Ligand code: HEM
């Protein structure tokens, strides 16, 4: 059989599909992404359920702006303050990156609390999602830890003295307190090593832990599925959809529902 | 009983999975659309805050003058400084304010470590305390009450922490002659110098003295510190290393002030017998 010459369109398709197939054959990643994108979620998930991914976005903003800041910031008591001034006043858009990192931190924390509130009010921490709630609490604690360690880095008066008192308060904890205070300070007093130590904790240790925990968190979200709102009539919370076929096809009715933004 | 409950919740979850499979909608594009919009809002808000932060400061938008969202940066850190305000970022205000409520040493541990630890443990325990499958809010009265209580108390503590007034060193220094009269150390140059340092060094952010000051971190009233007759040497040692003298003290070291200044401070403290 003589092979038919491919049309232009088919050639294009092949050119696009080839690398995708290549990747899929060797990693299975394409299948994974497809599974992630096309997995079913309850029909009536709503805006409250976007708070988790909004938190994720805030974390990504922190990671990106933080990386840029790390290129100019100097974690040493003699130059930290100057490097912050340099970033804020001299570097092109430095103030923007620093401002986004600084206020992004607050937004991140607020979103975490709001997301937690939504999970609580929806009762979404119940069986079988207990573990994901615990991971969430660890994320919350790590997020607050980022706030505490990041606050010292500008090495200005507010930063310095808030941290001195903060460390001293950690130090009052029974048993572990003094060790924790020593660990944070890198010694018995706040000193030159304290700053670089806070920096290492702030930009490596805790973010690494947060990234890993977010990975676990999302794995569980995908594995278990998100809950439907508690007021929904059915377990999956589809609710009566006008004209939707019951066999899983999201037809025009589903789409128009979506357009109405419900 | 317990096995019934386990069987019941397994059944509910299985039904959920089946329902989603047969009647759910795909994440893309439906939920993804909402997520994307929300994420864009987040990025826009963060960028907006950064812009307001910078451009609401007066003049050429550099330096330490505050704008609507506060200063771009404060003066450089100075461990030997006078006058500081130990103020954390806003999401720690509630803890910060707790420190004003509890008194050293009996209950301050409760406030700083006890309560946060209890809260953390309680938070982790939530799914194990509330094991019923019921998720409708109106049928979870305890959850409603608990969340209202948490939100209100966090809100109040944060607000109180945000509005707590710190006295400025310059205003306090004006009080030194009054203090000297009340305590009767007007003739003592060392004590007068110490009183000035005391007003300028942020001691009153934590301590109270003759009715002024913070009452923070459970720090004791110092109006009658001298009446305890602990001696100048003790005071210097304590100022150099508070935690070394009173283990667990959250008071920072004031070694940075230098020996001469510490001596003045100590004299002032020992001259403070509480007035007539
Ligand atoms: C870095 C912080 C966090 C990120 C990036 C994050 C992300 C997410 C995302 C994307 C979801 C999917 C559903 C939704 O968006 O609502 C989710 C669900 C969930 N999150 Fe988080 N989360 C964070 C913190 C927390 C915290 C602090 C808690 C609670 C203590 C928590 C508990 C949960 C639970 C139980 C679910 C399952 C909810 C359901 O199935 O409806 N997460 N999270």
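The table below lists the values:
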{"item": "5 Å-binned pair-distance histogram of chain B (Cα, whole percent)", "result": "1, 5, 8, 11, 11, 11, 10, 9, 8, 7, 5, 5, 4, 3, 2, 1, 0, 0"}
{"item": "Separation of the residue B:15 and residue B:221 label points, Cα + 7 Å toward Cβ, nm", "result": "6.4"}
{"item": "R0 of 30 Å, Cβ-Cβ distance residue B:173-residue B:233: FRET efficiency to nearest 0.05", "result": "0.65"}
{"item": "Fraction of the pair-distance distribution of region A:1-82 above 19 Å, Cα-Cα pairs, percent", "result": "72"}
{"item": "Partner chain coverage, peptide A:57-64 - average Cβ within 10 angstrom", "result": "3"}
{"item": "Burial order of peptide ranges A:120-129, A:86-95 (average beta-carbon count within 10 Å, highest first)", "result": "A:120-129, A:86-95"}
{"item": "Semi-axis lengths, Å, region A:1-143, gyration tensor of Cα atoms, sqrt of 5 times eigenvalues", "result": "41, 30, 13"}
{"item": "Degrees separating the helix B:141-163 axis from the principal Cα axis of chain B, which is the longest one", "result": "30"}
{"item": "Potential extension, residue B:52-residue B:139 segment - 0.36 nm per residue separation minus Cα distance", "result": "26.9 nm"}
{"item": "Average beta carbon contacts from partner chains per residue of A:121-130, 10 Å cutoff", "result": "6"}
{"item": "Residue-averaged [θ]222 nm for chain B, counting only DSSP H segments that reach four residues, each worth -39500 (n - 2.57)", "result": "-16500 deg cm²/dmol"}
{"item": "Rounded to 10°, Cα long-axis angle of helix B:115-129 versus longest principal axis of chain B", "result": "10"}
{"item": "Distance in nm between pseudo-label sites at residue A:64 and residue B:146 (7 Å out along the Cβ direction from Cα)", "result": "3.8"}
{"item": "Most to least packed among B:134-147, A:6-19, A:149-162, B:183-196 [average Cβ atoms within 10 Å]", "result": "A:149-162, B:183-196, B:134-147, A:6-19"}
{"item": "Acute angle (nearest 10 degrees) that the helix B:2-23 long axis makes with the longest principal axis of chain B, alpha-carbon atoms", "result": "70"}
{"item": "Separation of the residue B:22 and residue A:219 label points, Cα + 7 Å toward Cβ, nm", "result": "3.2"}
{"item": "Translational D in µm²/s for region B:1-76 (Stokes-Einstein at 10 °C, 1.306 mPa s, Kirkwood Rh from C-alpha pairs)", "result": "92"}
{"item": "Neighbouring partner chain Cβ atoms per residue of B:258-270, average, 10 Å criterion", "result": "0"}
{"item": "Packing rank of B:151-160, A:100-109, where each peptide gets the mean count of other beta carbons within 10 Å, highest leading", "result": "A:100-109, B:151-160"}
{"item": "Compactness index (Cα Rg / 2.2 N^0.38 Å), region B:170-271", "result": "0.98"}
{"item": "Quotient of Cα Rg and 2.2 N^0.38 Å for region A:47-224, N being how many residues it contains", "result": "1.12"}
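Just so you know, all these numbers are worked out from the coordinates, no wet-lab data involved. From a predicted model like this one, the values you see are computed outputs, not experimental measurements. With ideal geometry, Cβ positions are generated from the backbone for all residues, glycine too; neighbour counts draw on all protein chains shown.
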